[in-house]
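Undergrad: Just dropping this structure here.
The values are calculated or read from the model by the stated rules, or taken from the named source; none is laboratory data. Please read these numbers as outputs of a predicted model, since none were measured by experiment. All Cβ positions, even for glycine, are placed from backbone atoms using ideal geometry, and neighbour counts span all protein chains on display.
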Amino acid sequence: MRILELDDSFVEQVWCEKGHYGYMLEGSMSMVLEEGEVITFKTGDGMAIPKGTKHKAVIASGEKAVLMLVEERDRFPPTEI
């Protein structure tokens, strides 16, 4: 699990295919799917993007998004403390 804050300077260069499950804590963002569908998430919305679904996050000009994400176990391998 992680907290992620994105602003309008965030630009994904390539399609992400990882699975993401989470909750919008603050702000809003749009998720553009490869086939052209656009899904907008706002404060309080849950999100579920299945693994293998090509997508890119877009933050509108002047906006930000704060998300709590639960991701695939291998996305961020554990580190020793």
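Undergrad: Pick out the one residue from 52, 36, 44 that is surrounded by fewer than 10 Cβ atoms within 10 Å (Cβ to Cβ), out of contact with any Pro (no Cβ under 7 Å at 6 or more places or on another chain), assigned to a loop (DSSP other than H, G, I, E, B) and modelled with pLDDT of 95 or more.
TA: On inspection, the qualifying residue turns out to be 44.
Undergrad: Residues that are in a loop (DSSP other than H, G, I, E, B), modelled with pLDDT of 90 or more, over 18 Å from residue 5 (Cβ atoms) and not polar (S, T, N, Q): does the stretch 60-77 have at least one?
TA: no
Undergrad: Please work out if residue 25 is modelled with pLDDT of 95 or more and of a type in the set (A, V, I, L, M, F, W, C).
TA: Judged against the criteria, residue 25 is a match.
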